[in-house]
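Encoded as structure tokens, the structure appears first; notes follow it.
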């Protein structure tokens, strides 16, 4: 009768649930009895408030809720969280990204206004800070409604104008004063003076 060969540490306690399990040959580093126990230990539930994670940036151990969710990255256990805490992310990105966004938005608006003539079609005002985009035919409300009440709604409209190739039959440029009197007073005083 031959004795079975036993490898030391074959009977191990699971690092997650505490159950005893037997390692198979070649599983020297196995710590968990099942894949579920591995997932629970390595990726704690998002709802558990006592779960901790070490931030890769500041190297501090913080609650899991201090880490932002990855947008669009979702597993069967919920959203996947970043490995850098919210504080470190904001320090790294907030200034550079908001400044870059503002520069890009200003550049886009300048392109659109210049593409549509660069000045108010009513009074001739050419200062870019005073100019607004006018939907010829009064369909601006429907255009805005298509994007809902979201941040960046006006930028999407400017992007549409650029994508369409600056169509002057659909869009125009008016200064703020002319645009508001056109919308709410039934016509701009500049046009009334010309007609009289």
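Tabulated data
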quantity: Counted residues, region 31-48 - those being at pLDDT 70 or above and surrounded by 16 or more Cβ atoms within 10 Å (Cβ to Cβ); calculated: 4
quantity: Pick from region 110-149, criterion part of a helix (DSSP H, G or I) and touching a strand residue (DSSP E or B) at 6+ places or on another chain (Cβ under 8 Å), ranking: farthest from residue 181 (Cα to Cα); calculated: 112
quantity: Given (1) assigned to a helix (DSSP H, G or I); (2) surrounded by 13 or more Cβ atoms within 10 Å (Cβ to Cβ); (3) free of Cβ contacts under 8 Å to residues at least 60 places away in the same chain, number of the condition residue 190 does not satisfy; calculated: (3)
quantity: Filtered residues of region 171-187 (kept if at pLDDT 90 or above, touching a helix residue (DSSP H, G or I) at 6+ places or on another chain (Cβ under 8 Å) and not in a helix (DSSP H, G or I)); calculated: 171, 173, 174, 175
quantity: Matching option when the condition is at pLDDT 70 or above and touching a strand residue (DSSP E or B) at 6+ places or on another chain (Cβ under 8 Å), among 24, 56; calculated: 56
quantity: Residue that is farthest from the chain's Cα centre (by Cα), among those in region 129-160 that are under 13 Å from residue 174 (Cβ atoms) and modelled with pLDDT of 85 or more; calculated: 136
quantity: Complete set of residues in region 53-65 that are surrounded by 13 or more Cβ atoms within 10 Å (Cβ to Cβ) and part of a strand (DSSP E or B); calculated: 53, 62, 63
quantity: Residue ID - modelled with the lowest pLDDT, chosen from residues in region 66-105 that are under 30 Å from residue 166 (Cβ atoms) and surrounded by 12 or more Cβ atoms within 10 Å (Cβ to Cβ); calculated: 101
quantity: Options 62, 109; residue that is touching a helix residue (DSSP H, G or I) at 6+ places or on another chain (Cβ under 9 Å), closer than 30 Å to residue 191 by Cα, at pLDDT 80 or above and outside the structural domain of residue 169 (by TED's automatic domain parsing); calculated: 109
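The values are calculated or read from the model by the stated rules, or taken from the named source; none is laboratory data. Given the structure is predicted, the values throughout are model-derived calculations rather than measurements. Backbone-built Cβ (ideal geometry, glycine too); neighbour counts: all protein chains shown.
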